[in-house]
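Participant: The structure that follows is given in the form of C-alpha cells.
The values are calculated or read from the model by the stated rules, or taken from the named source; none is laboratory data. In this text, all values refer to a predicted model and were calculated from it rather than measured experimentally. So basically every Cβ, Gly included, is an ideal-geometry build from the backbone, and we count neighbours across all protein chains shown. Heavy atoms of the whole protein, side chains included, go into the accessibility calculation; ligands, DNA and RNA do not. Shrake-Rupley method; radii C 1.70, N 1.55, O 1.52, S 1.80 Å.
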Amino acid sequence: MNNDHSNTDLLIIVGHFHLPGKILNIRETGEGHINDTFLVETDAGQSFILQRINHRIFCNVHGLMDNIDRVCSHINLFAKLHPEGQQLIAPQIVAESSGALFHSDENGNFWRCMTYIHHQPPKEIDVNIALEGGKAIGRFQKILSTLPGERLHETIPNFHNLNLRLEALHEAIQKDVAGRLGEVLHLTDAIQKREEEMLQLHRLESEGKIPVRVVHNDTKLNNVLFDNQGKAIALIDMDTVMNGSVLYDFGDAIRTLCNTTYEDESRLALVRFRFDLFEAFAAGYLLETKEILEPIEIEYLAFSCKLLTYIMAVRFLTDYLNGDVYFKTRSPMHNMHRASNQLRLLEGIEHDYPAMQQAIGRLANR
Ligand code: GN1
Ligand code: MG
C-alpha cells in the first residue's frame, strides 16, 4: 500500500462523503500505529476525521464498520435519552454518498469519515484526569452492556489471546528473519520468565470463568477525550470494539495513563509507574461499574495491569524480530524501544502490586 496521499487525492476521496460547506484544510494527524488519519476542516464550523483503514490488519472492513456504527449509535442514543448527569459521546459515521459506511477507491483502499469531536488534550495528567478517565471507560462498558442485537463481529480474532501472542513470539525468535535476536536476549528472557504467571487469565477465560462483554480493547488514554475543564466527554477509536473481557480495557488504560512517559521513550530511567493515578482511575472506574462486575473481574483488575503491559511488550518485540511488519515505526529501533519501555513499566507495576490489590479491595467495597 502506498502511504503518500496527495492533497488532490484526498480532496477527491473526501468528495465522496458530501460534507457540509467548503473544505478549508486536510492534514495528517500522525496519530495511531495502524490506520492513516486526517483532520478535515470545513468553513461550516464542523470538522471531520478521514481515515484510510489498514485492511491488511482489519480484513473484514464491512464487519468493522458495522460494529462501529452500532456501538457509536448506541452510545450517542444513550446520551440523548439520558441528558442528566455527565455525558459520554462517540464520533458518528458520515456515510458515503451511496449510503455505504465507507468508500472503496480504485486502488483497493477503504476510507471512512467520522465527525470530529472538539476537545482539549489535558496539559497535565493528574489525579482528576485519571478519575475522569476511569469514569469514562467504566461508563462506556456500562452503556454497552445494553447493546441490542447480535454479537459483534470478531474483527481481529484472538486479539488479546496471550497464548497465541506468545506462540507468535516463539516463532519470531526461532526464525529471526531480521537477524535481530542477538540484541534482545535480555528482553526475551524477561518475557519468558513471566510466561506462566501471565497465562493465568487466559486459562480462566478458556474455562469460561471470565464474563464476556462488549469492550473497547484499545483504551489508551489518548482515546479518551476531555473538555477544557478536564471532564471526560467522549471515547474514540472503536476499531477493536468486540466481545471480550473488561480486564483488557482496565489494564490497557492503566499501562498508558500511569506511565510517566510515552510508550516508546527509550530513556528507561524516565519510565516510572504512577500509583496515585492508578488509584484515582480505579476509583472512577469502579464508581461506574461496581454493580455490573462479577467478583472474579474485580479480583483480577490489578493483575490486568501487569498483563496488558506484558502483552504489549510481547507484541512490540515480536514485531521487532519480524522486521517491523505490523506497527508503524519511525526508526529501526522503535519497536525494540517500545518493548523495553513496557518491560520497565512492568517492573514498576510489580513493585506496587500488593498496594494495587489493596486499593482495589478498598474501592470495590466502598
Ligand atoms: C495500536 O493504532 P492504534 O494506536 O489505535 C494497536 C493497539 C495497541 C496500540 C499501542 C489494532 O493501536 O492494540 O495497544 O497500537 N491496535 C491494533 O500503542 O493492533
Ligand atoms: Mg486503535
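Participant: Could you tally the net charge around VAL14, taking each other residue with its Cβ under 15 Å from the Cβ of VAL14, Lys/Arg +1 and Asp/Glu -1?
Facilitator: Working: positive: LYS22, ARG27, ARG52, ARG112; negative: ASP9, GLU28, ASP36, GLU41, ASP43, GLU96, ASP105.
Charge balance in the 15 Å sphere: -3.
Participant: When the dipole is taken about the Cα centre of the chain, and only Lys, Arg (+1) and Asp, Glu (-1) are charged at their Cβ, what size is it in debye, to the nearest 20? Provide the component values of the computation, followed by the final result.
Facilitator: On the way: 35 positive and 49 negative charges, 94 e Å.
Charge dipole of the chain: 460 debye, to the nearest 20.
Participant: Using only alpha carbons, build the gyration tensor for the stretch 269-315 and give me the equivalent ellipsoid semi-axes, biggest first, whole Å. Spell out each step's value before the answer.
Facilitator: Details: eigenvalues 104, 47, 10 Å².
So the equivalent ellipsoid measures 23, 15, 7 Å along its semi-axes.
Participant: Ordering TYR353, TYR310 from largest to smallest accessible area (1.4 angstrom probe), what's the sequence?
Facilitator: TYR353, TYR310
Participant: So, with a 1.4 angstrom probe, what is the percent of accessible area on the stretch 1-142 that is carbon and sulfur? Don't jump to the answer; show the numbers that get you there.
Facilitator: Values: 3690 of 6950 Å².
Carbon-and-sulfur percentage of accessible area, whole number: 53.
Participant: Sticking with this structure for a sec: Which order do the peptides 107-114, 147-154, 267-274 take when ranked by the mean count of other beta-carbon atoms within 10 Å per residue, highest first? Show your work: numbers first, answer last.
Facilitator: Numbers: 107-114: 18.1, 147-154: 12.8, 267-274: 15.9.
Ranking, from highest mean packing down: 107-114, 267-274, 147-154.
Participant: Still on this model: What is the distance, in nm, between label points placed 7 Å from the Cα along the Cα-to-Cβ direction at SER104 and at HIS170?
Facilitator: Spacing of the two 7 Å Cα→Cβ label points: 3.9 nm.
Participant: Quick one: of the DSSP bridges fully inside the chain, what percent are antiparallel, nearest 5?
Facilitator: Details: 28 of 29 bridges.
Around 95 percent antiparallel, to the nearest 5.
Participant: When only DSSP loop residues count, what trypsin sites (Lys or Arg not before Pro) in the stretch 1-67 have their Cβ near at most 12 other Cβ atoms within 10 Å?
Facilitator: LYS22, ARG56
Participant: Tell me the GluC sites (Glu not before Pro) within the stretch 159-233 that lie in a loop according to DSSP and have at most 10 other beta-carbon atoms within 10 Å. Present the calculation step by step, with values, prior to reporting the outcome.
Facilitator: Values: sites: GLU167, GLU171, GLU183, GLU195, GLU196, GLU197, GLU205, GLU207; in loops: GLU207.
The qualifying sites are GLU207.
Participant: May I ask which residue of MET242, ILE173, LEU287 lies farthest towards the positive end of the charge dipole of the stretch 127-365, with charges of +1 (Lys, Arg) and -1 (Asp, Glu) on Cβ and the Cα centre as origin?
Facilitator: Comparing the listed Cα positions along the dipole, LEU287 ranks first.
Participant: Mind jotting down the distance between the C-alpha centroids of the stretch 109-136 and the stretch 251-330, whole Å?
Facilitator: Result: 17 Å between the Cα centres.
Participant: Please give the per residue accessible area of the stretch 7-115, computed with a probe of 1.4 Å over protein heavy atoms only, in Å².
Facilitator: For the stretch 7-115, the solvent-accessible area averages 48 Å² per residue.
Participant: Arrange the residues HIS62, HIS119, HIS334 by how much accessible surface each exposes, largest first, with a 1.4 angstrom probe.
Facilitator: Values: HIS62 135, HIS119 60, HIS334 10 Å².
Solvent-accessible surface, decreasing: HIS62, HIS119, HIS334.
Participant: Would you mind estimating how fast the chain diffuses translationally, via Stokes-Einstein at 25 °C and 0.890 mPa s with the Kirkwood radius over Cα pairs, in µm²/s?
Facilitator: In µm²/s, the coefficient rounds to 115.
Participant: Strictly over 21 Å apart at the Cα level, which of LYS193/LYS220; LYS142/LYS290; LYS220/LYS306 would you flag in this model? Provide the component values of the computation, followed by the final result.
Facilitator: On the way: LYS193/LYS220 26 Å; LYS142/LYS290 10 Å; LYS220/LYS306 15 Å.
Exceeds cut-off: LYS193/LYS220.
Participant: Kindly provide the helix-only [θ] at 222 nm of the chain, computed as the sum of -39,500 (n - 2.57) over DSSP H runs of four or more divided by all residues, to the nearest 500 deg cm²/dmol?
Facilitator: That calculation yields -14500 deg cm²/dmol at 222 nm.
Participant: Continuing with this model, one more query. So which trypsin sites (Lys or Arg not before Pro) in the stretch 182-216 are both in a DSSP loop and have at most 16 other Cβ atoms within 10 Å of their Cβ? Intermediate results must be reported in sequence, preceding the final value.
Facilitator: Details: sites: LYS193, ARG194, ARG203, LYS209, ARG213; in loops: LYS193, ARG194, LYS209.
Loop-located and lightly packed - LYS193, LYS209.
Participant: Taking just the alpha-carbon atoms of the stretch 7-115, what radius of gyration and Dmax come out, in angstrom?
Facilitator: Cα only, the stretch 7-115: 14.6, 47 Å (Rg, Dmax).
Participant: Accessible area per residue of the stretch 127-365 at 1.4 Å probe, in Å²? Mind dumping the intermediate values first?
Facilitator: On the way: 9720 Å² over 239 residues.
Using a 1.4 Å probe on heavy atoms only, each residue of the stretch 127-365 averages 41 Å².
Participant: Another question about this same structure. Based on the Cβ-Cβ distance of PHE275 and LEU204, what FRET efficiency does E = 1/(1 + (r/R0)^6) give at R0 = 25 Å, to the nearest 0.05?
Facilitator: Details: r = 26 Å, r/R0 = 1.03.
With R0 = 25 Å, the Cβ-Cβ based efficiency is 0.45.
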